[in-house]
Amino acid sequence: MTERIKALLEASDADGAIALIENYRAGGGEMDDTLFYLLGNAWRKKGNWQMAMNNYLEATALNPESPAARALDIANEILDFYNKDMYNQ
């Protein structure tokens, strides 16, 4: 299943990847750190940073060595750099 999700993300089908993971979860499938990481990536591609970071946090809670830890760091760096006040001048 992870390969199918990765293929959807590579094809820029974040909605398809999210639907696949959510359907898996709704069907009683157990979420592991890889699925939370991929779900975070899908939300990031859609521009929903909060959902992306929530899923990265879930992944790192399950596995501190997950690539989600680095993705979370990068997301924090990007959001720390973003300065809303610049656009109000």
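The values are calculated or read from the model by the stated rules, or taken from the named source; none is laboratory data. Just so it is clear, the model here is predicted, and its values are computed rather than measured. Please note: Cβ atoms are built from the backbone with ideal geometry, for glycine as well, and neighbour counts cover all protein chains shown.
Pick from segment 12-49 the residues that are part of a helix (DSSP H, G or I) and of a type in the set (S, T, N, Q): which of them is nearest to Ala71 (Cα to Cα)?
Among those that are part of a helix (DSSP H, G or I) and of a type in the set (S, T, N, Q), it is Asn41.
Name the one entry in Leu20, Leu38 that is modelled with pLDDT of 95 or more, under 19 Å from Leu62 (Cα atoms) and crowded, with 19+ Cβ neighbours inside 10 Å.
On the way: Leu20 fails: under 19 Å from Leu62 (Cα atoms).
On inspection, the qualifying residue turns out to be Leu38.
Quickly run through segment 1-19 and pick out the residues that are out of contact with any helix residue (DSSP H, G or I) (no Cβ under 6 Å at 6 or more places or on another chain) and of a type in the set (A, V, I, L, M). Quick ask: steps written out before the conclusion?
We begin by selecting, within segment 1-19, every residue out of contact with any helix residue (DSSP H, G or I) (no Cβ under 6 Å at 6 or more places or on another chain); these are 1, 3-4, 6-7, 10-13, 15, 19.
The answer is Met1, Ala7, Ala11, Ala19.
Taking segment 1-29, which residues are at positive phi and either in contact with a strand residue (DSSP E or B) (Cβ under 7 Å, 6 or more places away or on another chain) or of a type in the set (S, T, N, Q) (or both)?
Within segment 1-29, Ser12 is the sole residue that qualifies.
Looking at the structure I just gave you, is Ala7 assigned to a helix (DSSP H, G or I), in contact with an Asp or Glu (Cβ under 9 Å, 6 or more places away or on another chain) and surrounded by fewer than 19 Cβ atoms within 10 Å (Cβ to Cβ)?
Criteria met by Ala7.
Quick check, is Asn54 of a type outside the set (Gly, Ala, Ser) and without any contact (Cβ under 8 Å) to a residue 12 or more places away in the chain?
Working: of a type outside the set (Gly, Ala, Ser): yes; without any contact (Cβ under 8 Å) to a residue 12 or more places away in the chain: no.
For Asn54, the condition - of a type outside the set (Gly, Ala, Ser) and without any contact (Cβ under 8 Å) to a residue 12 or more places away in the chain - is not met.
In segment 50-66, which residues are crowded, with 17+ Cβ neighbours inside 10 Å and either hydrophobic (A, V, I, L, M, F, W, C) or assigned to a helix (DSSP H, G or I) (or both)?
Of the residues in segment 50-66, the ones crowded, with 17+ Cβ neighbours inside 10 Å are 52-53, 55-56, 58-60, 66.
Of everything in segment 50-66, those that are crowded, with 17+ Cβ neighbours inside 10 Å and either hydrophobic (A, V, I, L, M, F, W, C) or assigned to a helix (DSSP H, G or I) (or both) turn out to be Ala52, Met53, Asn55, Tyr56, Glu58, Ala59, Thr60.
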